[in-house]
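As C-alpha cells, the structure follows; a few thoughts come after it.
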Amino acid sequence: MRHLNDTSAEATTSRRPSRRTLLKAIGGTAALAAAPVLAAGAAGAAGAAEGGPYDVIVIGAGFAGITATRELRARGKRVLLLEARGRVGGRTYVDTFGGHQVEMGGTWVETTQPHIAAELMRYDIALTEEHPVDRVLLPTPSGPKEFTPEDAFNRTGAVLEKLFDGSRQYFERPFEPLYRSDLLQSLDRLSLRDRLNQLGLTAEEELLVNGQTAIYSGGSSKQGALTMLSHWWSLAGWSNQGWADTQRWRMTNGTSGLLDAMLAEAKPVLRLNSPVASVTDTGSLVYVTLKSGVRYSATRAVVAVPVNVWPTIKFSPSLPAAHTTAGAQGIAVPNAYKMFIHAKAGAGKFSAQGAEGGSPIPMLMPFKETSQGLLYVAFSTDPTLDPADKAQVASAVRRLGAELDIIEVRAHDWGRDPYARGGWAFRKPGQLTSLYPSIHNTSGRVAFASGDVANGWSGFLDGAVESGLRAARQTLGLE
C-alpha cells in the first residue's frame, strides 16, 4: 500500500534508476543473482517436457519460485515449475480496468531494496512515479479533516518517529533481524496496540497513525507485531521519507514484464493449472503429487507458495516445528482486498486515511486519470465489505470524508483466494523470535521460498526474490 503522506514530485514520470544507484543497492545481494545462464537447448527442453527426469521441482510460480527456478537453471539443473493457477505471478498480477493497466497484488518497488533493484537493472526495467496528491484527508477527534500534503506528511511522520523510537538499536542491522536478539526478546511480544498504549499519545496523535497500524496488521492493531512494522521502518532508513518512498515507484510495464523476462531467461518446464496435493521425501527422491493425481519426481524440491498455503499440502515426513507453527498461525493477513475504484471526475486527486475501526476502506489514493474520470486504489481488511456493492463502497469512502460518484469497482479478495489464503505478510507478536531463523531451514530434500519469511523486506517483492535466492543456494548445497 502506498503511504498517504507521500509528497512526491511530478507524477507519471517514466524512468529507469541510474546504474550508479542500482549498483550501490546491489552490493548486498547474493552472488547467485549474477550467475551466468547456461543455454537451454531445444533438445534439453524437449526431454524435460516428456516427463523428466527432473533435478528440482519448484512449486509456485510467483516471484520467489521464479527466482529460484532461474538460479537453478543457471546452474544447469532440469527444473519443473508447477503453478496452481492458470497464470504466473502468485500474489502479483496485472489486469486492465478503466482503460488502464492495474496491479491487483504486489506493486511497489524501491531502488534501495537490493534484491529487486538487481532485477530491475538486470532486465532494464523502467519505473513510473506515483501521482502526487492535491490534498490529504486524515481522521481527527471531530471527524475527517483536509490537510495539505506537506502538513499531513509532517504530522503523521512525527507520530511514526515516536512509534519506532529505539528501532535503530534493536534493528541495528535490518537485513539481519535477529542481530540484536537480546533486545528483541521482550519487544517482539508487543503488538502495535501495546506500543500505541505505551506512548500516551493524544487522541489527535493516535488517530493519525492507528489506521495504518490496524490495516497493516490485518484489521486490528492488536494482531500485528510492533517488530514487524518497525522492521520495515528500519529497512527504509529509519525515516519518514524513506518509509514514504517504499511505495513511490512501480514498474512501468507492470510486474508481469519482469516475471516474463525472468522466465524467458530460465526456460523451465512450466505446468499451469497444477495445484499440488502432497510432497513426499523418501530420502533419495521427492515425489510431488497434483490434486489431479499426476505425480512427478525429482532429486529435490522447492516449496514456493505462501506460508498460509502450507497446511493445504500434505507433507511426508511432516514439516519441522517452525514450519508447522507458521502454517498454523499464518503470516499473511487473512482478510485482504485490493481494489480499484473508477469514479467520475470531481473529487480530484486526494488521498485519505481512516481511523482504526472507522471505515471498511481505511486507505485510498489516486492512481490515474481516465477518459471518464479517475481511478483510485484502495485497501480493506474488513470481511463484511462487498466490493461489488457500489453503494457500500461509496459509503465507506464517505466515512473518510470524501464523495465519489462511482462508475465501477474492480477488486481481488486475497483472503478467499485458495492459492494465497491471505494478502500481505505481517508477523504476529512473538513470531520473529520464535520462528526465525529455523523457518529458513530445509526439511530433508525440500527447501522453502516465500516473501512471507524474508530476512529483509518480508511482504514486499524484494523479500520474495531474497527467499528465492536462498532456496536456490540451499538446493545447490551452497548454504
Quiz item: Of all residues in the stretch 357-370 being in a loop (DSSP other than H, G, I, E, B) and touching a Ser or Thr at 6+ places or on another chain (Cβ under 6 Å), which is surrounded by the most Cβ atoms within 10 Å (Cβ to Cβ)?
Solution: 361
Quiz item: With 449, 471, 378 as the choices, which residue is at pLDDT 95 or above, farther than 24 Å from residue 218 by Cα, open to solvent by less than 10 Å² (accessible area, probe 1.4 Å) and in contact with a strand residue (DSSP E or B) (Cβ under 7 Å, 6 or more places away or on another chain)?
Solution: 471
Quiz item: Residue check: is residue 348 assigned to a loop (DSSP other than H, G, I, E, B) and either open to solvent by less than 20 Å² (accessible area, probe 1.4 Å) or touching a strand residue (DSSP E or B) at 6+ places or on another chain (Cβ under 9 Å) (or both)?
Solution: yes
Exercise. Residue by residue through the stretch 70-109, note down the ones that are polar (S, T, N, Q) and either over 21 Å from residue 252 (Cβ atoms) or in contact (Cβ under 8 Å) with a residue 24 or more places away in the chain (or both).
Key: 92, 101, 107
Quiz item: Any residue in the stretch 402-423 that is open to solvent by 40 Å² or more (accessible area, probe 1.4 Å), in a strand (DSSP E or B), farther than 24 Å from residue 92 by Cβ and not hydrophobic (A, V, I, L, M, F, W, C)?
Solution: no
Quiz item: Condition test on residue 268, is it within 22 Å of residue 477 (Cα to Cα) and within 29 Å of the chain's Cα centre (by Cα)?
Solution: yes
Quiz prompt | Subset of the stretch 395-416 (residues that are within 19 Å of the chain's Cα centre (by Cα) and free of Cβ contacts under 8 Å to residues at least 12 places away in the same chain) | solution = 416
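The values are calculated or read from the model by the stated rules, or taken from the named source; none is laboratory data. Everything numeric here is computed off the predicted structure, so don't read it as measured data. Positions of Cβ are generated from backbone atoms using ideal geometry, with glycine treated the same way; all protein chains shown enter the neighbour counts. Surface areas here come from the heavy atoms of the whole protein model, side chains and all, with no ligands, DNA or RNA. Shrake-Rupley method; radii C 1.70, N 1.55, O 1.52, S 1.80 Å.
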